[in-house]
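Following: one structure in structure tokens, then a few remarks.
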Amino acid sequence: MARSMTAFSSLKGGEAGYSWSWELRSVNGKGLDLRLRLPDWVPGLEAALRARLARALVRGNVTLNLRLTREESGGTLRVDAGQLEAALGALEAVENAAMARGMTLAPSRAADLLAVRGVLETSGAPEDHDGLLAALIEDFTPLLADFVAMRDREGAAISAVLAQQVTQIEALVGRAAEVVEARQPRMAEAVQAALERVAGSAGLDPQRMAQELALIAIKADVTEELDRLRAHVGAARDLLGQEGSIGRKLDFLTQEFNREANTLCAKAQDSALTAIGLELKAVIDQLREQVQNIE
């Protein structure tokens, strides 16, 4: 079953004093392009998530966002005696220098000293990055599963559309074969007229005449093109029944479809066959647009 390259999934979670929200989305891409926007202070997180995405996905431009917030820890305040002593010493030096110049400073307050960086610290439980990493990876598992399931659902819907378009192509090829069969008498008359014109040319080499007639017949014969189109229809159905990444193969096959349709139009020499060829090209173009969404 084909899988789509477009999907979106989101999830919120939290544990051990942290809360977070995930967003995982993807759009069409020629290969697998992973863009991860994660907190860089959780060691090992990016490598672990990148490896899991690479195992689950084959193609697509994939963006993963993680917003991670630390909740208030409720730690206690502590005065650093060494920093306080250094702050008091600096304050005393400033006051002595001011007195030596005959200047009077406003009295210092305890709040001013506590505002000095390093004097007052908040103490709490040490951060458990390993535990946070394990919790995030565990929470990522259902997010990725939901994301892949969405790609599968969209892939199933696209596969149904592709199967219908392949059936349309098959029907048009059948109509083209009927037109080719019906035009045989007219083509025989055209070749006969050409033969009479060639035969009427004085001094024409018989071998050259045979070559010209063969060329006329080849230019009008579309049997090989119809046979190849039928073969491509069978190949497309086989691919749609396969598991795994089939997008590149289907894309190549649509190019082959289009090449045969172009040749059919070029060799048609019949308004009805030309009309079928143009309709065939339109359906093939629609098929190719849908195939661009397949992984």
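The values are calculated or read from the model by the stated rules, or taken from the named source; none is laboratory data. All figures in this text were calculated on a predicted structure; none of them were measured in a lab. Every residue, glycine as well, gets a Cβ built from its backbone with ideal geometry; the counts of neighbours run over all protein chains shown.
Numbers at a glance
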| item | result |
| --- | --- |
| Residues (part of a strand (DSSP E or B) and either within 30 Å of residue 251 (Cβ to Cβ) or acidic (Asp, Glu) (or both)) located in the stretch 11-36 | 15, 23, 24, 25, 26, 27, 32, 33, 34, 35, 36 |
| Pairs with Cβ under 8 Å, 6+ apart, first in the stretch 135-151 and at positive phi and surrounded by fewer than 20 Cβ atoms within 10 Å (Cβ to Cβ), second acidic (Asp, Glu) and modelled with pLDDT of 95 or more | none |
| Test: residue in the stretch 31-49 that is at pLDDT below 95, under 30 Å from residue 240 (Cβ atoms), of a type outside the set (D, E, K, R) and exposed (fewer than 14 other Cβ atoms within 10 Å of the Cβ) | yes |
| Any chance residue 91 is surrounded by 14 or more Cβ atoms within 10 Å (Cβ to Cβ) and either part of a strand (DSSP E or B) or touching a strand residue (DSSP E or B) at 6+ places or on another chain (Cβ under 9 Å) (or both) | no |
| Residues satisfying the stated conditions in the stretch 227-280, i.e. under 19 Å from residue 28 (Cα atoms) and part of a helix (DSSP H, G or I) | 240, 247, 248, 249, 250, 251, 252, 253, 254, 255 |
| Whichever residue in the stretch 266-295 is of a type outside the set (Gly, Ala, Ser) and free of Cβ contacts under 8 Å to residues at least 24 places away in the same chain and, among such residues, is nearest to residue 230 (Cα to Cα) | 281 |
| Subset tally (residues that are in contact (Cβ under 8 Å) with a residue 60 or more places away in the chain and either more than 16 Å from residue 148 (Cβ to Cβ) or assigned to a helix (DSSP H, G or I) (or both)) for the stretch 42-62 | 9 |
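Matching residues to (1) over 30 Å from residue 156 (Cβ atoms); (2) at pLDDT below 70; (3) more than 29 Å from the chain's Cα centre (by Cα); (4) in the same structural domain as residue 160 (by TED's automatic domain parsing):
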position: 212; (1), (2), (3), (4): yes, yes, yes, yes
position: 219; (1), (2), (3), (4): yes, yes, yes, yes
position: 232; (1), (2), (3), (4): no, no, no, yes
position: 239; (1), (2), (3), (4): no, no, no, yes
position: 256; (1), (2), (3), (4): no, no, no, yes
position: 261; (1), (2), (3), (4): no, no, no, yes
position: 264; (1), (2), (3), (4): yes, no, yes, yes
position: 269; (1), (2), (3), (4): yes, no, yes, yes
